[in-house]
Amino acid sequence: MTLAFVPLMAYRAVLTSRRLRPVWLKVQRLIASLGTTLQESLSGSRIVKSFAQEKSEDKKFADDSRSFTTFKLMRAKIVAFNTPLMVFLIGAPTALVLWYGGRQSSPAT
């Protein structure tokens, strides 16, 4: 009975990993972009100020930050849906075995 749930759990795991992988890669790229933008801004702050590029640098960082937040929320939604589902799929066979075993060992009335 418990093995009947394994294909469903494997399917969900594969489906979720296929959905999460591109999101994780995008999040990693955005973190790198944010780090690069921040490092360039901090190391070149005199140059940015001398050429009056502060607003464009702020906008660039804000855009990258907004994209990062969007993809992090997308990842969180996928995980928030999948985690309880997988916990249920792991717990359901246990409940099924306990129910079935409990009915088998109950005394006849």
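Condition test on Ser56, is it in a helix (DSSP H, G or I), within 27 Å of the chain's Cα centre (by Cα), of a type in the set (Gly, Ala, Ser) and over 30 Å from Ala10 (Cβ atoms)? Full working, then the answer.
Values: in a helix (DSSP H, G or I): yes; within 27 Å of the chain's Cα centre (by Cα): no; of a type in the set (Gly, Ala, Ser): yes; over 30 Å from Ala10 (Cβ atoms): yes.
No; evaluated as a whole, the condition is false for this residue.
Condition first: modelled with pLDDT of 85 or more and over 22 Å from the mean Cα position of the chain (by Cα). Can you find one or more residues in the range 45-52 that meet it?
Narrowing the range 45-52 to residues modelled with pLDDT of 85 or more: none.
For the range 45-52, residues modelled with pLDDT of 85 or more and over 22 Å from the mean Cα position of the chain (by Cα): absent.
Under 8 Å between Cβ atoms, at least 6 apart or on separate chains: pull out the pairs that start in the range 6-27 with a residue that is closer than 15 Å to Pro84 by Cα and end on any residue that is open to solvent by 70 Å² or more (accessible area, probe 1.4 Å).
Note: pairs meeting the criteria are Met9/Ile90.
Starting from the range 74-86, take each residue that is polar (S, T, N, Q) and list its partners that are open to solvent by less than 50 Å² (accessible area, probe 1.4 Å) and part of a helix (DSSP H, G or I), counting only C-beta distances under 6 angstrom and pairs at least six apart or across chains.
As it stands, the answer is Asn82/Thr16, since those pairs meet every condition given.
Show the residue pairs that are 6+ apart or on different chains and have beta-carbon atoms under 7 Å apart, the first residue being within the range 88-103 and under 15 Å from Ala10 (Cβ atoms), the second being surrounded by 10 or more Cβ atoms within 10 Å (Cβ to Cβ) and of a type in the set (D, E, K, R).
Filtered contacts from the range 88-103: Leu89/Arg12.
This table checks each residue for (1) closer than 28 Å to Arg18 by Cα; (2) open to solvent by 50 Å² or more (accessible area, probe 1.4 Å).
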{"residue": "Asp58", "(1), (2)": "no, yes"}
{"residue": "Ala62", "(1), (2)": "no, no"}
{"residue": "Ser67", "(1), (2)": "yes, no"}
{"residue": "Lys77", "(1), (2)": "yes, yes"}
{"residue": "Pro84", "(1), (2)": "yes, yes"}
{"residue": "Gly91", "(1), (2)": "yes, no"}
{"residue": "Thr94", "(1), (2)": "yes, yes"}
{"residue": "Gln104", "(1), (2)": "no, yes"}
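The values are calculated or read from the model by the stated rules, or taken from the named source; none is laboratory data. Fair warning: this is a prediction, and the values are worked out from it, not measured in the lab. Here the Cβ is made from the backbone with ideal geometry for all residues, glycine too, and neighbour counts use every protein chain on show. The area values use the complete protein model at the heavy-atom level, side chains included, leaving out ligands, DNA and RNA. Shrake-Rupley method; radii C 1.70, N 1.55, O 1.52, S 1.80 Å.
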